[in-house]
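A.B. asks: Have a look at the structure that comes next, please.
The values are calculated or read from the model by the stated rules, or taken from the named source; none is laboratory data. For clarity, every value in this text was computed on a predicted model and none was experimentally measured. Reconstructed Cβ throughout: ideal geometry from the backbone, glycine too, with neighbour counts over all protein chains shown.
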There are 2 protein chains.
Amino acid sequence: MARSAIPEPVTAVTDLAGAWLPLRLEQVERRLAEIAAGHGEPIAADAGSTLAAGGKRMRPLLVLLCAGREAGEEAIRAATAIELVHMATLVHDDVLDDAPMRRGRPTVVANAGRARALATGDLLYSRAFAELAAPGSEAQVAALATASVALARGELAQRQDAYHADVSAERYYLRCRLKTAALFECACVVGAERPEPEREALAAFGREIGLAFQLLDDVLDVIGPPERTGKARGADLLDGTVNLPLIRARDRDRGLSSLDLRGLDERAAEQVCDRIAATGATQTVRAEARERVERAKSGLREAELTAGDRHLFELVADGVVERYS
Amino acid sequence: MARSAIPEPVTAVTDLAGAWLPLRLEQVERRLAEIAAGHGEPIAADAGSTLAAGGKRMRPLLVLLCAGREAGEEAIRAATAIELVHMATLVHDDVLDDAPMRRGRPTVVANAGRARALATGDLLYSRAFAELAAPGSEAQVAALATASVALARGELAQRQDAYHADVSAERYYLRCRLKTAALFECACVVGAERPEPEREALAAFGREIGLAFQLLDDVLDVIGPPERTGKARGADLLDGTVNLPLIRARDRDRGLSSLDLRGLDERAAEQVCDRIAATGATQTVRAEARERVERAKSGLREAELTAGDRHLFELVADGVVERYS
């Protein structure tokens, strides 16, 4: 997979933040590696490959950033736990999709079969909560459990909606809140306790950039290019997932409403992508994502951040809509 | 499925315990029903059918019994959480086995497909930890997370060993500790905090009856009868699972060592069951289970129970080896 020329949000932020942030991200990375290795073979191999394929570490970054430079051990634990839940959902998603590759590497299900992949996902879930089992951690457990329930509900909603070409934008956003935004929101509040108005401001920040993140994922699914995103165009369509570009395009190209998603092969999916792009729907959705990012940024006023810290948050938010994978 | 004439352990114990125990089991039942119904359709239907098919509520019973009659709300929460984890593993197991029925009802995977069943299992896992997110609950979270990790490791070990007819008894017991005994052990310590020697005595009780429980499951898989167990004989063999009766039988009927489990159909599996039974291995394993139960009972001396309470524990332990499903 080709590296994007645009800097990853993580890199841009850690370059600016000073030593504390990269140091903590490294601690999280080390903890994740320990956990992956801590259950003997073959778990180490499966969990390790998931870990390596994990990507941008957006969620741990958010945990650490929102917890702040004064945060202690509990922020590391929270960042680790949230990435473990994220990894668990990736492993289970790949089981459902029988996905051969993720981020240029074979998936656990491809390497080890459905049974091992399913159990590996369960193990990662359980390890996430094990990570939070420390005195005074009940708020963290509550936040992560709530987010995990939302993830599962989002997955259920998406599978329920699969191949229904007439799914509404409202329903899409509900799904998106559950499946993507809930864990981003959790990441922003789980690393340190804060007074209520500040906590809510950070939660809203997480929610908005989570939605923006998903919207951009949808756009990239339609326009690619594959050599930058690392996956074929139209994967959502082949999966039966009606994403927002398709929903917005339906209003402009009525023929798309009566599309039979079940009949598509890879070639046909790419053609539908071209047709969606031709309506201008991807620009519309990208604009919606940017709006979300702006809303996320302006909401930070309530969070009582220093100008320097606020700039870091803004960089993360901008990074979400300026990426290719 | 026919009801067994032998009293279920739960019934026998609740009849003797006095009102507090049935009352609390009912509270757990109500809480489980609330949770199943609390996420809208179609989750309610899937989780509800799992709940209804859940069976004996052995694990919540153990939680409540070990927590004692003075225990508070935290015992109800723990009993609910542990049953949710148990339900989650059943739903995921059925996905892997593509099982059509469990306890005479269609499974979630049969009703709703793999995708919904997998997400339902994840939801139940997450809800379990949500249940424990209360002040001072870190020991409970730790215990349940540890047990859940063990369950997943046990599942992984079992799948790794599948179709290996030469699996050793030691390896079998390791798997069994992870896949069955760990959650029983957790049930015995998660409902209330106790001083260390007492806690360890209850943990050992749970471990031993958990192992005995699994051994009897194995025996019932070989001898049935299906009209009492509610499932066909030889299901383990068809699944590639080398259980203890087969391991013990191998030593007496050498031909069983070279058995090719991959080649079996239902009829052939039943014939292998007959051959295992003919060696007397099922009596051997039943005797091993009874030994475990005796060890569990004699270990209770360390737990400082009243004579009345100790009798309840003994009834539960005996019930484990005197059941048909």
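A.B. asks: How many residues are hydroxyl-bearing (Ser, Thr, Tyr) and surrounded by fewer than 20 Cβ atoms within 10 Å (Cβ to Cβ) if we restrict to segment B:50-77? Full working, then the answer.
C.D. replies: Taking segment B:50-77 first, the residues hydroxyl-bearing (Ser, Thr, Tyr) are B:50.
Then drop every residue that is not surrounded by fewer than 20 Cβ atoms within 10 Å (Cβ to Cβ), which leaves none.
Result for segment B:50-77: 0.
A.B. asks: Let me ask you something else. How many residues are more than 7 Å from chain B (Cβ to nearest Cβ) and assigned to a helix (DSSP H, G or I) if we restrict to segment A:135-150?
C.D. replies: Narrowing segment A:135-150 to residues more than 7 Å from chain B (Cβ to nearest Cβ): A:136, A:139-140, A:143-144, A:147, A:150.
Add one more test, that the residue is assigned to a helix (DSSP H, G or I), and what stays is A:139-140, A:143-144, A:147, A:150.
Residues meeting the conditions: 6.
Results for (1) outside the structural domain of A:VAL167 (by TED's automatic domain parsing); (2) closer than 22 Å to A:ARG233 by Cα, shown as yes or no for each residue.
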site	(1), (2)
A:ASP251	no, yes
A:LEU256	no, yes
A:GLY263	no, yes
A:GLN283	no, yes
A:ARG286	no, yes
A:PHE313	yes, no
A:GLY319	yes, yes
A:ARG323	yes, yes
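Table: residues versus (1) at pLDDT below 95; (2) closer than 23 Å to B:LEU64 by Cα.
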site: B:ALA147; (1), (2): no, yes
site: B:LEU156; (1), (2): yes, no
site: B:ARG171; (1), (2): no, no
site: B:CYS186; (1), (2): no, yes
site: B:PRO197; (1), (2): yes, yes
site: B:LEU202; (1), (2): no, yes
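A.B. asks: Can A:ALA232 be described as in a loop (DSSP other than H, G, I, E, B) and assigned by TED's automatic domain parsing to the domain that holds A:LEU178? Quick ask: steps written out before the conclusion?
C.D. replies: Working: in a loop (DSSP other than H, G, I, E, B): yes; assigned by TED's automatic domain parsing to the domain that holds A:LEU178: yes.
Answer is yes for this residue.
For (1) within 19 Å of A:THR180 (Cα to Cα); (2) outside any helix (DSSP H, G or I); (3) modelled with pLDDT of 95 or more; (4) more than 13 Å from chain B (Cβ to nearest Cβ), each residue gets a yes or a no:
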| position | (1), (2), (3), (4) |
| --- | --- |
| A:GLU70 | no, yes, no, yes |
| A:ALA75 | no, no, yes, yes |
| A:VAL91 | yes, no, no, no |
| A:ALA110 | no, no, no, yes |
| A:ALA133 | no, yes, no, no |
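A.B. asks: Somewhere in segment A:120-129, is a residue more than 10 Å from chain B (Cβ to nearest Cβ) and either modelled with pLDDT of 95 or more or outside any helix (DSSP H, G or I) (or both)?
C.D. replies: Filtering segment A:120-129 for residues more than 10 Å from chain B (Cβ to nearest Cβ) gives none.
Looking for residues that are more than 10 Å from chain B (Cβ to nearest Cβ) and either modelled with pLDDT of 95 or more or outside any helix (DSSP H, G or I) (or both), one finds none in segment A:120-129, hence no.
A.B. asks: Hey, does segment B:43-66 have a residue that's over 15 Å from the mean Cα position of the chain (by Cα), polar (S, T, N, Q), within 14 Å of chain A (Cβ to nearest Cβ) and part of a helix (DSSP H, G or I)?
C.D. replies: no
A.B. asks: Is it fair to say A:HIS86 is facing chain B (nearest Cβ under 7 Å) and within 15 Å of the chain's Cα centre (by Cα)? Let's see the steps before the verdict.
C.D. replies: Values: facing chain B (nearest Cβ under 7 Å): no; within 15 Å of the chain's Cα centre (by Cα): yes.
It is false that A:HIS86 is facing chain B (nearest Cβ under 7 Å) and within 15 Å of the chain's Cα centre (by Cα).
A.B. asks: Need pairs with beta-carbon distance below 7 Å; first residue over 17 Å from A:ALA147 (Cβ atoms) and within segment B:117-138, second assigned to a loop (DSSP other than H, G, I, E, B); sequence gap 6+ or separate chains.
C.D. replies: B:GLU138/A:ALA133; B:GLU138/A:ALA134; B:GLU138/A:PRO135; B:GLU138/A:SER137
A.B. asks: Being crowded, with 23+ Cβ neighbours inside 10 Å and of a type in the set (A, V, I, L, M, F, W, C) is the filter; apply it to segment B:221-246 and report the residue that is nearest to B:ARG159 (Cα to Cα).
C.D. replies: B:VAL242
A.B. asks: Same structure again: Read through the list (1) buried (at least 22 other Cβ atoms within 10 Å of the Cβ); (2) at pLDDT below 95, then give the number of the only condition that A:GLU266 fails.
C.D. replies: Of everything listed in (1) buried (at least 22 other Cβ atoms within 10 Å of the Cβ); (2) at pLDDT below 95, A:GLU266 misses just condition (1).
A.B. asks: Also, quick follow-up: Hey, does segment A:161-175 have a residue that's part of a helix (DSSP H, G or I), at the interface with another protein chain (Cβ under 7 Å from one of its Cβ atoms) and either surrounded by fewer than 20 Cβ atoms within 10 Å (Cβ to Cβ) or in contact with a His (Cβ under 9 Å, 6 or more places away or on another chain) (or both)?
C.D. replies: Kept after step one, since they are part of a helix (DSSP H, G or I), are these residues of segment A:161-175: A:161, A:169-175.
If we keep only those that are at the interface with another protein chain (Cβ under 7 Å from one of its Cβ atoms) as well, we get none.
The answer is no; no qualifying residue exists.
A.B. asks: Moving on. Just name the residue that is surrounded by the fewest Cβ atoms within 10 Å (Cβ to Cβ) out of those in segment B:188-201 that are part of a helix (DSSP H, G or I) and out of contact with any Lys or Arg (no Cβ under 7 Å at 6 or more places or on another chain).
C.D. replies: We begin by selecting, within segment B:188-201, every residue part of a helix (DSSP H, G or I); these are B:188-189, B:196-201.
If we keep only those that are out of contact with any Lys or Arg (no Cβ under 7 Å at 6 or more places or on another chain) too, we end up with B:188, B:196-201.
Details: B:CYS188: 27, B:GLU196: 7, B:PRO197: 11, B:GLU198: 15, B:ARG199: 18, B:GLU200: 15, B:ALA201: 18.
Looking at the filtered set, the residue picked out is B:GLU196.
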